[in-house]
């Protein structure tokens, strides 16, 4: 149960970062050479994701991999309050 919650959180963060970067699912999928369906499953927490795939996604989004574990909207709010 705990693992599926984490997968959903990470997937949501990937989706938010992708949208923030102005990228569509098919663009990200093409960039990391997987199907759009696979991206959809990752973003909805319905697929396990390897560490190598996380690094590939982060690279395609041009962010550091640890940012995939953070909700971008909370980071933006923190920066605005600084």
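When the residues of region 1-26 are filtered to those that are touching a helix residue (DSSP H, G or I) at 6+ places or on another chain (Cβ under 6 Å) and without any contact (Cβ under 8 Å) to a residue 40 or more places away in the chain, which remaining residue is surrounded by the most Cβ atoms within 10 Å (Cβ to Cβ)?
Ranking the candidates gives 11 first.
Taking region 33-82 as the search range and keeping residues that are more than 14 Å from residue 7 (Cα to Cα) and crowded, with 16+ Cβ neighbours inside 10 Å, which one is modelled with the lowest pLDDT?
By that ranking, first place goes to 72.
The values are calculated or read from the model by the stated rules, or taken from the named source; none is laboratory data. These figures come from a predicted structure and were not determined experimentally. So basically every Cβ, Gly included, is an ideal-geometry build from the backbone, and we count neighbours across all protein chains shown.
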